[in-house]
1. Grab the helices (runs of 4 or more DSSP H) fully contained in the stretch B:1-101, keeping just those with 2 or more residues being within 14 Å of another protein chain (Cβ to nearest Cβ) and either over 26 Å from residue B:121 (Cα atoms) or modelled with pLDDT under 95 (or both).
2. Among the residues that make up the stretch A:156-178, is at least one of them closer than 30 Å to residue A:295 by Cα, within 19 Å of the chain's Cα centre (by Cα) and not in a loop (DSSP other than H, G, I, E, B)?
3. Is one or more of the residues making up the stretch A:196-212 over 23 Å from residue A:108 (Cα atoms) and in a helix (DSSP H, G or I)?
4. If you check A:142, A:196, A:124, which single one turns out to be surrounded by fewer than 22 Cβ atoms within 10 Å (Cβ to Cβ), in contact (Cβ under 8 Å) with a residue 60 or more places away in the chain, away from chain B (no Cβ under 14 Å) and on the phi > 0 side of the Ramachandran plot?
5. Looking at B:129, B:137, can you tell me which residue is in a helix (DSSP H, G or I) and closer than 26 Å to residue A:72 by Cα?
6. Pick from the stretch A:247-264 the residues that are closer than 15 Å to residue A:285 by Cβ and part of a loop (DSSP other than H, G, I, E, B): which of them is nearest to the chain's Cα centre (by Cα)?
7. For the stretch A:59-72: of the residues being at pLDDT 95 or above and crowded, with 19+ Cβ neighbours inside 10 Å, which is nearest to the other protein chains (Cβ to nearest Cβ)?
8. For the stretch B:113-132, give me each residue that is at the interface with chain A (Cβ under 8 Å from one of its Cβ atoms) and within 15 Å of residue B:54 (Cα to Cα).
């Protein structure tokens, strides 16, 4: 694999972020695959996480396995994430050990990949990264995709330990948000959802919120502002211009981000936490589908 | 009474959950392209907003002379991008099972027929709403195109 100027440029951009180890380039990943370092039981496991559950099956990055947000990460009964035992099984069945480097990528500017990364962080998985630009960039660069699903031999890794989720540092619940009112909130939905004109994303199904608007005091910063056209993250300087200069947020602020169900705000959580180095950002995954249906919580339009 | 849709549903249910996804992928791969008269005129298509990804459909009812309206043949056309394989798969199933049936046969299709494919457990119940909505919009269009003038909803 030859290293091009573009690849150098990508790597230089990533080095600027607060936690550059959280993001990898397509060139880096291609090299790791070529060297045989990726796949179940290897040092690096690649996961694809998409909005569309079948997209992985139409062709994916070689050695990658699927991690679906509905099927694999959400509890089928309670509106919550899976429990410690299920998470351990989910990881073991993909050949992931506690010290494996996990690289996640997906569609829609890595919006669902960021969500999966955030859920893995709830369980304290230490080394989990995103592929900058996600699925779209990999394909746009003409890199290899395959329909071959890697086989996971039982025992290829030690069983993933059963680790209880620690929600409090990065997850906010409704009561936390009520107690947080007056402190910075970031609403990452589209302008129409923020203003209350729309009860759902443009072009998306109505998922039933009784009220439109936003949480009082929330700033409107649609998540996609952090992404370039090609799905990669904007540079640190560009991100600072949005979140620090324009919105007046500071890295020491106690911040809650939300959207509709917590997926788009995971993207913003990733930007603030890992790219800009904010230390106290929580994602409110109940988001508008909870707040907009809750009796007597304050709403602003 | 066994319909093509019910027979397909039976095939899906007989398959293992992983094979059901593969079947769905085959239907996604095989969804026919739009004929030119629609490809060039997107305004003639109806968008199914309940699908997570953009899906458009069109319905035509035959006008064969001497044939009762209920026995006229229905043609169905779909358009969905390759990045939305689940949506394409749902459309492919409905195309395979419903295209070419008569007005009466389409209108007799139970609204909840898409839930009989055993797909909710592999793609999630939330995603199944899109397929239910596609069927109900097809039926609505058929009713619209066969209602006597002035009575259509």
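1. Output list reads B:17-30, B:85-98.
2. Yes, the stretch A:156-178 has at least one match.
3. no
4. Among A:142, A:196, A:124, only A:196 is surrounded by fewer than 22 Cβ atoms within 10 Å (Cβ to Cβ), in contact (Cβ under 8 Å) with a residue 60 or more places away in the chain, away from chain B (no Cβ under 14 Å) and on the phi > 0 side of the Ramachandran plot.
5. B:129
6. Here the residue is A:263.
7. A:66
8. The answer is B:127, B:129, B:130.
The values are calculated or read from the model by the stated rules, or taken from the named source; none is laboratory data. From a predicted model like this one, the values you see are computed outputs, not experimental measurements. For neighbour counting, all protein chains shown are included, and Cβ atoms are generated from backbone atoms with ideal geometry for every residue, glycine included.
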